[in-house]
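Quick notes on the structure that follows.
Just so it is clear, none of the values below were taken in a lab; they were calculated from the coordinates. Keep in mind that what you see is a predicted model, and the values were worked out from it rather than measured. Glycine also receives a Cβ, built like all others from the backbone with ideal geometry; neighbour counts cover every protein chain displayed.
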Number of protein chains: 2
Amino acid sequence: MLGRLNHVAIAAPDAVAAGRVYSEGAGAEVSAPVDLPEHGVRVVFVSLPNAKVELLEPLGAESPIAKFLVRNPQGGLHHVCYEVADLVAARDRLVAQGAVPVGDGTPKIGAHGKPVLFFKPTGFSGVLTELEQA
Amino acid sequence: MLGRLNHVAIAAPDAVAAGRVYSEGAGAEVSAPVDLPEHGVRVVFVSLPNAKVELLEPLGAESPIAKFLVRNPQGGLHHVCYEVADLVAARDRLVAQGAVPVGDGTPKIGAHGKPVLFFKPTGFSGVLTELEQA
């Protein structure tokens with residue numbers, strides 16, 4: 001059963017600069033940047049009452065965000081993350097419906113320290129979709 | 001002050017087909033399609049515990065979704081909508097920070113029957129951003 005919308009991830013060339021419209025412009029709580037070198041991103045978190053927006057800046061040469069920014073130089077919506085109670089069961093049900101995991105389908109520990117799995121945009125109307133074990 | 005993330009809107013060539021991965025694949029509550037000819041869209045709502053995903057299919061020749069699908073034939077993330085308590089005050093503060101409203105900046109009645117205003121992707125890291133009066 002699909003749970004909460006955990007976050008919307010927006011790629012940006014400069015996460016701190018990208019956060020200003022949310023903090024100074026909209027009065028939202030915006031974090032200091034957090035470097036996650038093992039995930040190849042610098043993240044600025046925008047905290048909303050019911051969910052988060054994550055502003056992702058490439059970190060390192062192997063960043064998964066770098067190619068996205070080549071295609072979208074000013075940034076853009078990168079992925080959406082939903083919570084599930086049982087990630088393996090959710091994966092198996094989605095795969096049975098034709099969804100295609102990124103990689104070999106084995107959950108990995110994500111940026112929040114919880115198991116996650118990405119699904120290719122094909123099957124989700126062109127949207128890269130992340131599931132996170134709640 | 002930026003409020004709740006109200007919805008993520010995903011454009012799709014066929015909203016009902018796009019909804020199946022969420023209903024049959026992920027067990028989410030997915031609505032029947034709702035035609036909103038005055039907004040040029042057919043919408044399928046995916047209800048999550050804390051927010052909604054709106055699957056938007058073009059309706060009519062003037063649909064704002066049609067051009068997006070020409071560029072993104074399989075669909076894609078179209079916009080993000082946040083709630084604010086005072087839409088005009090939020091607009092004025094964002095404009096003072098350099099954000100640019102779509103149109104003349106006058107709130108219109110949106111698909112949920114509440115005043116809304118869209119801001120151009122420039123200024124929001126390439127993301128079309130909607131504010132809705134809560």
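Amide H of B:ASN6: which non-local residues (sequence gap of 5 or more, or other chain) have their own amide H closer than 5 Å, using H built in the peptide plane?
B:CYS81, B:TYR82, B:GLU83
Determine the shape class of segment B:1-57: with a ≥ b ≥ c the square roots of the Cα gyration tensor eigenvalues, call it rounded for a/c under 1.5, and otherwise prolate if a/b is greater than b/c, oblate otherwise.
Oblate, because a/c is 1.5 or more while a/b does not exceed b/c.
Can you figure out the FRET efficiency of A:ASP86 with A:HIS112, using R₀ = 30 Å and their beta-carbon distance, to the nearest 0.05?
Step by step, r from the Cβ atoms, then E = 0.95.
About its Cα centre, what dipole magnitude does segment B:54-134 give when the only charges are +1 on Lys and Arg Cβ and -1 on Asp and Glu Cβ, stated in debye to the nearest 20?
Here segment B:54-134 has a charge dipole of around 220 debye.
Once the other residues with Cβ under 15 Å from the Cβ of A:GLU130 are scored (Lys, Arg +1; Asp, Glu -1), what is the net sum?
Local charge sum for A:GLU130: +3.
About the Cα centre of segment B:92-134, what is the dipole size in debye to 20, counting +1 per Lys and Arg Cβ and -1 per Asp and Glu Cβ, all else neutral?
Dipole size: approximately 20 debye.
Rounded, prolate or oblate, given the Cα gyration tensor of the protein assembly as shown, with a/c below 1.5 counting as rounded?
oblate
Pick out, from B:ALA90, A:VAL53, A:GLN74, the residue whose Cα sits farthest towards the positive end of the charge dipole of the protein assembly as shown, with +1 on the Cβ of Lys and Arg and -1 on the Cβ of Asp and Glu.
A:GLN74
What list of ³J(HN,Hα) values in whole Hz, one per residue of segment A:34-50 in order, does the Karplus curve 6.51 cos²θ - 1.76 cosθ + 1.60 (θ = phi - 60°) give from phi, with Gly and Pro shown as x?
Result, rounded to whole Hz: 10, 8, 10, x, 5, 10, x, 9, 9, 10, 10, 9, 9, 8, 10, x, 10.
Just list whichever of A:LYS120/B:LYS108; B:LYS67/B:LYS114; B:LYS52/B:LYS108; A:LYS52/A:LYS108 have alpha carbons separated by over 32 Å in the model shown.
A:LYS120/B:LYS108
Using Cα pairs under 8 angstrom and six or more residues apart, how large is the relative contact order of chain B, in percent?
Once divided by the residue count of chain B, the mean separation gives 25 percent.
What FRET efficiency, computed as 1/(1 + (r/R0)^6) with R0 = 30 Å and r the Cβ-Cβ distance, is obtained for A:VAL95 and A:GLU29, rounded to the nearest 0.05?
Once rounded, the FRET efficiency stands at 0.20.
Taking the Cα-to-Cβ direction at A:ASN50 and at B:LEU36 and moving 7 Å from each Cα, how far apart do the two end points lie in nm?
1.5 nm
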